[in-house]
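Asker: Input: one structure, supplied below.
The values are calculated or read from the model by the stated rules, or taken from the named source; none is laboratory data. The model shown is predicted, which means the values in this text are computed figures rather than measured ones. Note that we place each Cβ from the backbone using ideal geometry, even for glycine, and neighbour counts take in every protein chain shown.
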Number of protein chains: 2
Amino acid sequence: MTATQLFLSLGALIVGTALGSALPDPEAPEAQEANVRALLQRQQEAWNGHDLEGFMAGYWKSDDLTFFSGANVTRGWQATLDRYRQHYQSPGTEMGKLEFRNLRIEMLGTDAAFARGEYHLAMASGQTQHGIFTLILRRMPEGWRIVHDHTSPAE
Amino acid sequence: MTATQLFLSLGALIVGTALGSALPDPEAPEAQEANVRALLQRQQEAWNGHDLEGFMAGYWKSDDLTFFSGANVTRGWQATLDRYRQHYQSPGTEMGKLEFRNLRIEMLGTDAAFARGEYHLAMASGQTQHGIFTLILRRMPEGWRIVHDHTSPAE
């Protein structure tokens, strides 16, 4: 370790302590995108197992979560779950099989990211629903979470 | 200046130099949101002056800019300008008077932010168009720029 490396390490330690962050240690840059991608992969698997609570584990469990679907605004984790239940678990509805396509994840600093992509829902009826989404994700003490979802269904 | 403050300042200087960032000096935290808000204010004023190029100055001038309108994807600054021209400056269209409402800006680290809000376009005909949007912004050497826009018009 050179003197400069030592200096940088000590500086980072002091800065980290001074900020008093509740986050665990910083992730290696190559781990960040992989962790965000893994979260969305877990969401897809939960959805396809008809586990809506498991799917919702990817969202920030906060009243400040926001969910834009088309021009409709839903505020808060519970209201977002209720909306999903109404659209996909109430009588006459089904969850279908979810697939994310063309997923692009871009880091915004070390503890935030955004994701763009398409969702495709294949229904038992043979019909499909699809659309595009923008997700904002932040790294929380409990892990990466979606803090804002803007989804636009195709007509 | 205490020894710790000196150490932090020197550390920040070395880290900045090591990263070789092309960004100007970090902005004070209280300046960041104000600068993002000022960018959107300039966009609104440019639009209302029927200055579409001025409005487009708020967007990242890159082929990697993405613009989602409903479920339609436009890629690149030039294609986004062309789309605006077609929708708001071609025969039979008008730009109207733009107003942003309920604008919420949230920082994502020191050099990224996202903004949520509503747009309202009052047309000469008396009709209005409105909808909601999510913007991702990054601080570039040339200033804050929108790198991704997801807009959903109300039906």
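Asker: Taking the stretch A:1-48, which residues are of a type in the set (S, T, N, Q), closer than 30 Å to A:ARG116 by Cβ and either at pLDDT 75 or above or touching a helix residue (DSSP H, G or I) at 6+ places or on another chain (Cβ under 8 Å) (or both)?
Answerer: A:GLN32, A:ASN35, A:GLN41, A:GLN43, A:GLN44, A:ASN48
Asker: Conditions first: (1) surrounded by fewer than 13 Cβ atoms within 10 Å (Cβ to Cβ); (2) in contact with a Lys or Arg (Cβ under 6 Å, 6 or more places away or on another chain); (3) farther than 19 Å from B:LEU108 by Cβ. A:GLY126 passes all but one, so which condition is the exception?
Answerer: (2)
Asker: For the subset of the stretch A:139-155 comprising residues that are facing chain B (nearest Cβ under 7 Å) and in a strand (DSSP E or B), which member is nearest to A:PRO26 (Cα to Cα)?
Answerer: If we take residues in the stretch A:139-155 being facing chain B (nearest Cβ under 7 Å) and in a strand (DSSP E or B), then A:HIS148 is nearest to A:PRO26 (Cα to Cα).
Asker: Does B:LEU98 qualify as being away from every other protein chain (no Cβ under 14 Å), touching a residue at least 24 places away in the same chain (Cβ under 8 Å) and more than 14 Å from the chain's Cα centre (by Cα)?
Answerer: yes
Asker: Please state which of the following conditions A:GLN129 fails to meet, knowing it meets all the rest: (1) among the polar types (S, T, N, Q); (2) assigned to a strand (DSSP E or B); (3) within 17 Å of the chain's Cα centre (by Cα).
Answerer: If we test A:GLN129 against (1) among the polar types (S, T, N, Q); (2) assigned to a strand (DSSP E or B); (3) within 17 Å of the chain's Cα centre (by Cα), just (3) comes out false.
Asker: In addition: Exactly one of (1) more than 13 Å from chain A (Cβ to nearest Cβ); (2) crowded, with 16+ Cβ neighbours inside 10 Å; (3) touching a strand residue (DSSP E or B) at 6+ places or on another chain (Cβ under 8 Å) is unmet by B:LEU108. Its number?
Answerer: It is condition (1) that B:LEU108 fails.
Asker: Exactly one of these conditions fails for A:PHE133: (1) aromatic (Phe, Trp, Tyr); (2) within 13 Å of another protein chain (Cβ to nearest Cβ); (3) out of contact with any Gly (no Cβ under 8 Å at 6 or more places or on another chain). Give me its number.
Answerer: Answer for A:PHE133: the failing condition is (3).
Asker: For the stretch A:77-87, name all the residues that are buried (at least 17 other Cβ atoms within 10 Å of the Cβ) and either in contact with a Ser or Thr (Cβ under 7 Å, 6 or more places away or on another chain) or modelled with pLDDT under 95 (or both).
Answerer: A:TRP77, A:THR80
Asker: Regarding A:GLN43, is this residue over 21 Å from B:SER69 (Cα atoms) and exposed (fewer than 13 other Cβ atoms within 10 Å of the Cβ)?
Answerer: no
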